[in-house]
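Below you'll find the structure, written out as structure tokens, and then a few comments.
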Amino acid sequence: MSELDEAWAEGLAEAEARARAAGRTDIAEYLALRSSNDLIRTISSKWLLGMFATAAGEANRAGAAIQISNEEGHRFKVGNNVMVGSSLSLGSGVRMLLVEVGWPRTPPDGFIRGGGLAFANIKHLGIKPANEALRLVLNPTGTPRWIVEGKHGSHIDPHELHEKDVRNHIAILLQGSRT
């Protein structure tokens, strides 16, 4: 967690405590929900990026030589909305796989349609048909899950992201580097 994220969490906790002390349970409940959602977003984002980093590491141990780099404070657009979060770049030869994940941080950033908590892109630079858009949602029991919304952000055949999907993206990255 970055210093800004820590300061934000601390500020939310203080504001919630002040609201409770002032008898403003409506504001306190909203701030508690916001804090809970931020925790879900953070953990789910780290999990998603970690899955890709782990799969790349396994491929490297098998001789793939994937270059891995991270970026915090990464900003990207989804339609007219701005997502702020992290990115993971995986490079193999001339091929590049970019995984970016984030959510709107301030009201001018916009929102995520469909009740999503966060948004992610999986981009194969130069191989547009392999790109996928993901949305973080809570299932009926409250468990977070990443839903693949389809190729190029279409909503055709949405499904939950699994480890095999991540391994498939790594395989696509490596296909061109073996020639």
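The values are calculated or read from the model by the stated rules, or taken from the named source; none is laboratory data. Because the structure is a prediction, the values reported are computed rather than measured. Cβ atoms come from the backbone with ideal geometry, glycine included; neighbour counts cover every protein chain shown. We work out accessible area using only protein heavy atoms, side chains counted, and drop any ligands, DNA or RNA first. Shrake-Rupley method; radii C 1.70, N 1.55, O 1.52, S 1.80 Å.
Output the number of residues of the range 67-89 satisfying the condition of being among the β-branched types (Val, Ile, Thr) and open to solvent by 50 Å² or more (accessible area, probe 1.4 Å). Talk me through it step by step, then tell me what you get.
Here is the first cut: in the range 67-89, the residues among the β-branched types (Val, Ile, Thr) are 68, 78, 82, 84.
Pick out the ones that are also open to solvent by 50 Å² or more (accessible area, probe 1.4 Å) and you get 68.
Total satisfying the criteria: 1.
Scanning the range 120-136 for residues that are open to solvent by less than 20 Å² (accessible area, probe 1.4 Å) and either farther than 19 Å from PHE52 by Cα or in contact with a Pro (Cβ under 9 Å, 6 or more places away or on another chain) (or both) turns up just one, LEU136. Evaluated against (1) at pLDDT 85 or above; (2) assigned to a helix (DSSP H, G or I), GLY63 falls short on exactly one condition, (2). Against the conditions (1) part of a helix (DSSP H, G or I); (2) in contact (Cβ under 8 Å) with a residue 40 or more places away in the chain; (3) within 17 Å of the chain's Cα centre (by Cα), ASP38 satisfies every one except (2). When GLY85, GLY142 are checked against the criterion of being part of a strand (DSSP E or B) and farther than 16 Å from GLN67 by Cβ, GLY85 stands alone in meeting it. Hey, among the residues in the range 150-164 that are at pLDDT 70 or above and touching a helix residue (DSSP H, G or I) at 6+ places or on another chain (Cβ under 9 Å), which one's farthest from LEU49 (Cα to Cα)? Filtering the range 150-164 for residues that are at pLDDT 70 or above and touching a helix residue (DSSP H, G or I) at 6+ places or on another chain (Cβ under 9 Å), the one farthest from LEU49 (Cα to Cα) comes out as HIS159.
Annotation: of all residues in the range 21-35 being assigned to a helix (DSSP H, G or I) and among the charged types (D, E, K, R), the one that is surrounded by the fewest Cβ atoms within 10 Å (Cβ to Cβ) is ASP26. Only residues that are within 16 Å of GLU72 (Cα to Cα) and either within 11 Å of the chain's Cα centre (by Cα) or not in a strand (DSSP E or B) (or both) were counted in the range 92-133, giving 11.
Every test in (1) part of a strand (DSSP E or B); (2) of a type outside the set (Gly, Ala, Ser); (3) more than 21 Å from ILE112 (Cβ to Cβ) is passed by GLU58 save one, and that test is (1). For the range 43-57, a residue qualifies if it is modelled with pLDDT of 95 or more, over 9 Å from VAL166 (Cβ atoms) and open to solvent by 70 Å² or more (accessible area, probe 1.4 Å), and the qualifying residues are LYS46, TRP47.
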